[in-house]
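The values are calculated or read from the model by the stated rules, or taken from the named source; none is laboratory data. Note that the structure is predicted; figures quoted are calculated from it, not measured. Cβ placement follows ideal geometry from the backbone for every residue including glycine, while neighbour counts extend to all protein chains displayed. The accessibility values were calculated without ligands, DNA or RNA, using every heavy atom of the protein model including side chains. Shrake-Rupley method; radii C 1.70, N 1.55, O 1.52, S 1.80 Å.
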Amino acid sequence: MNETNIMKMLEGLGHPEYFEMLDFVERTLAEKTTEHVGGGKIEIAYSRFDHTKRVLAWSLRLYERSERKDKIDLDSLIIATIFHDVGRAVSDVQKIPHSTAGVPITKAYLEKKGYAAEKIDYVCSLVAQHSDKQRMKEEGLDFGLLMLMEADLLDDMGALGIVMDCMITESRNRDARFEDCFRHITNYTLRMQEEENPMVSPEGIAIWGEKTRITRQFMEALREDIAI
Ligand SMILES: [Fe+2]
Ligand SMILES: [Fe+2]
């Protein structure tokens, strides 16, 4: 599956129900009124649905590279990834964490589609726990949950993090200069990449390491370009 396009990746799996699920999540997230994602994301046109698709791409890539495929239920991982942030549609109004808010939405959808109770329980447990990133290094953590958490963290980092930092810099100051972007990237994406590698699986550690390398290399080049 060496695809980079998420829709082509999904087509290759031959499960049309995943597209229906994505449509449902897109429509549900579009109904939201506000989203307190914190930080600079709220200041740009950050799409939670686009984030969901990118996390799905990371889940599929991590799975493809994994040597623990036998310990991961790919179908459940894909469904949980599609639904992992759907709770953001209602969490502000309900004043509960989005991971908790996503559970009844996911459950109702899967029940309506006739999924087995055991499967629904497992998928919902992944949605419910995906925000507990401090548990990633926990002994015996479910491999599917770990993969979802890693995929979630890989989004918005590296090259994409750099672009987002520039967009946030511009949105805060229309007169921003390249040096301002350089500073923002240094304080956000580069700083986060250089903190302790949060990944646990060998494939996650390798991808994060590559993102760190790319970010450092980009910043060295940018420093030279703007001669600071
Ligand atoms: Fe989330
Ligand atoms: Fe997420």
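Residues in the range 182-214 that are crowded, with 16+ Cβ neighbours inside 10 Å, free of Cβ contacts under 8 Å to residues at least 40 places away in the same chain and hydrophobic (A, V, I, L, M, F, W, C): 185, 190, 192. Report whether or not residue 161 is open to solvent by 20 Å² or more (accessible area, probe 1.4 Å) and either in the same structural domain as residue 40 (by TED's automatic domain parsing) or under 19 Å from residue 52 (Cβ atoms) (or both). So residue 161 does not fit the description; no.
Can you work out which of the residues in the range 142-158 that are more than 12 Å from ligand 1 (Cβ to nearest atom) and touching a residue at least 24 places away in the same chain (Cβ under 8 Å) is surrounded by the most Cβ atoms within 10 Å (Cβ to Cβ)? It comes out as 147.
Taking the criterion of being away from ligand 1 (no atom under 13 Å from the Cβ) and assigned to a helix (DSSP H, G or I), the residues of the range 70-94 that qualify are 70, 71, 74, 75, 76, 77, 78, 79, 92, 93, 94.
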